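*Asks:* Dropping a structure here in structure tokens format, bear with me for questions.
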Protein chains: 2
Amino acid sequence: MSKEAAKLTSKQQAILRVFEDAEQPITTQDAWDVARGEVPGLGIATVYRAVKSLVDDGLLRTVELVGQVPRYESARKGHLHHFFCRECSSVFDIGDCPSGLKSLVPDGFQMEDHSIVLYGLCKDCRAAKA
Amino acid sequence: MSKEAAKLTSKQQAILRVFEDAEQPITTQDAWDVARGEVPGLGIATVYRAVKSLVDDGLLRTVELVGQVPRYESARKGHLHHFFCRECSSVFDIGDCPSGLKSLVPDGFQMEDHSIVLYGLCKDCRAAKA
DNA sequence: CATGCCGCTGATAATCATTTTCAATCCTCC
DNA sequence: GGAGGATTGAAAATGATTATCAGCGGCATG
């Protein structure tokens, strides 16, 4: 719960950078593997701690998929959703939101955010199946 | 998904019934707590196994929420989505789907399913805050 | 009704991701 | 330089879930 940007340590900045440089949402373990290259001796606990506080600070966003370890991505990408390929388990970004979301909200409820995940086959896997 | 309905044991049926009788999606632990009342000596491992096979058979659906243990609900409710109240952590069903989902699918991709979760305040919590 | 087979089950150990603990270290501000 | 608090790494602890394994139960067969 940070109102203003808490200042980050150099290690936390390095960890954040790993997520910002990643093409896709990655797991904490993934981030550790990469960050260890830049920060020798970096402990896994530090990465978990950093991810948690970066999410709290709103710098990272959690991407959770059924049956999988949570992934995280830079929040600088803005609000977006994801397409999960059941064949290759890759996660693709989707920029737009569907219309008519508000009409789903039950009476008296207040929607603050939403999350959408599409499941199916990505372009490559679909082609491979043909 | 299930070609033919695999025949369920009496314990599996009891476990399935717990989910079907539940108002909201519940966790495996929740189901165990209830099912133990009907089936004395029921092992937690049996519940985990039953849930997994029931999901495979298409009789249960997984409801996954960020930072929470997965919950399950009867698939007989049909396709639906969920509203998660960040205040009381309750999960509410939403029947409809937004329009325009297909337009989100990237070119060449094939969507087979989708999942939507809305976050916010439920009616009661919103009233309590006012 | 006896027999054999095989899947189901419960207890428990194992696993995996994540969190906590704790002592050592590092900063920051005096 | 030094006190005090935040950060860190290693390892233990935790919590959820899965695997293991021996025993039991039900069923088809003879």
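Readers should treat all values here as calculations from the given coordinates under stated rules, not as data from a laboratory. Fair warning: this is a prediction, and the values are worked out from it, not measured in the lab. Every residue, glycine among them, receives a Cβ derived from its backbone with ideal geometry; neighbour counts consider all protein chains shown.
*Asks:* Across the range B:73-84, in residue order, what do the Karplus-derived ³J(HN,Hα) couplings come to in whole Hz, using 6.51 cos²θ - 1.76 cosθ + 1.60 with θ = phi - 60° and x for Gly and Pro?
*Replies:* Couplings: 9, 4, 7, 5, 5, x, 5, 7, 10, 9, 10, 10 Hz.
*Asks:* How far apart are the residue A:102 label points across copies, placing each 7 Å from Cα toward Cβ, in nm, shortest first?
*Replies:* Label point to label point, same position, other copies: 2.6 nm.
*Asks:* Shifting gears a bit: Distance from the Cα centre of the range B:91-130 to that of the range A:7-81, in angstrom?
*Replies:* First find each Cα centre; the distance between them is then 26 Å.
*Asks:* Taking the range A:44-130, how much of its Cα-Cα pair set, in percent, is spaced more than 19 angstrom apart?
*Replies:* 54
*Asks:* In a Gaussian network model over chain B where Cα atoms closer than 10 Å are linked, find which of B:58, B:100, B:37 has the largest mean-square fluctuation.
*Replies:* For chain B, modelled as a Gaussian network with Cα springs under 10 Å, the answer is B:100.
*Asks:* Right, next: Each residue of the range B:55-68 in turn: what ³J(HN,Hα) in whole Hz from Karplus with 6.51, -1.76, 1.60 and θ = phi - 60°, glycine and Pro shown as x?
*Replies:* With the stated coefficients, the range B:55-68 comes to 5, 4, 6, x, 8, 10, 10, 7, 10, 10, 10, 3, x, 10 Hz.
*Asks:* Gaussian network model of chain A, Cα springs within a sub-10 Å range: biggest mean-square fluctuation belongs to which of A:73, A:38, A:64?
*Replies:* Result for chain A, Cα springs under 10 Å: A:38 fluctuates most.
*Asks:* Sticking with this structure for a sec: In a Gaussian network model over chain B where Cα atoms closer than 10 Å are linked, find which of B:52, B:102, B:11 has the largest mean-square fluctuation.
*Replies:* Comparing B:52, B:102, B:11 in the GNM, the peak value goes to B:102.
*Asks:* Also, I was wondering about something else. Positive end of the charge dipole of the range B:61-101 (Lys, Arg +1 and Asp, Glu -1 on Cβ, about the Cα centre): tell me which of B:72, B:101, B:91 has its Cα farthest that way.
*Replies:* Going by the charge dipole, the pick is B:72.
*Asks:* Of all the residues in chain A, which one has the C-beta that comes nearest the axis relating A to B, and what is the distance in Å?
*Replies:* Of all Cβ atoms in A, the one closest to the rotation axis yields A:98, 2.
*Asks:* Order the peptides B:84-90, B:27-33 from the highest to the lowest mean number of other Cβ atoms within 10 Å of their residues.
*Replies:* Going by the mean number of other Cβ atoms within 10 Å, highest first, we get B:27-33, B:84-90.
*Asks:* Work out the length of the dipole vector of the range A:1-80 about its Cα centre, built from +1 on the beta-carbon of each Lys and Arg and -1 on the beta-carbon of each Asp and Glu, and round it to the nearest 20 debye.
*Replies:* The dipole magnitude comes to about 240 debye.
*Asks:* Sticking with this one: Between their Cα atoms, which of B:52/B:77; A:123/B:102; A:129/B:77; A:11/A:52; A:7/A:52; B:7/B:52 are more than 21 Å away from each other?
*Replies:* Too far apart for the 21 Å limit: A:129/B:77.
*Asks:* Kindly give the distances from residue B:66 to its copy-mates, label point to label point, with each label point 7 Å from Cα along Cα→Cβ, as nm values to one decimal ordered shortest first.
*Replies:* Here residue B:66 shows inter-copy label distances of 1.9 nm.
*Asks:* Using the C-alpha gyration tensor of the range A:79-121, what are the square roots of 5 times its eigenvalues, in whole angstrom, with the largest one first?
*Replies:* 26, 10, 8
*Asks:* Using just the alpha carbons, could you tell me how many Å³ per residue the convex hull of the range B:58-99 encloses?
*Replies:* With only Cα atoms used, the range B:58-99 gives 86 Å³ per residue.
*Asks:* Going toward the positive end of the dipole of the protein assembly as shown, with +1 on Lys and Arg Cβ and -1 on Asp and Glu Cβ, which of B:122, B:41, A:25 do you reach last?
*Replies:* Farthest along the dipole direction, towards plus: B:41.
*Asks:* Round to the nearest 10 and give me the degree value, 0 to 90, for the angle of helix B:28-38's Cα axis relative to the longest principal axis of chain B.
*Replies:* Between the helix axis and the principal axis of chain B, the angle is about 40 degrees.
*Asks:* Under the convention of a label 7 Å out along Cα→Cβ, give the distances in nm from residue A:130 to the same position in every other copy, shortest first.
*Replies:* 5.5
*Asks:* Considering all alpha-carbon pairs of the protein assembly as shown, what whole percent are spaced by more than 28 angstrom?
*Replies:* Cα-Cα pairs in the protein assembly as shown separated by more than 28 Å: 45 percent.
*Asks:* Still on this structure, please answer the following. Let me have the relative contact order for chain A, percent, based on Cα pairs under 8 Å that are six or more residues apart.
*Replies:* 21
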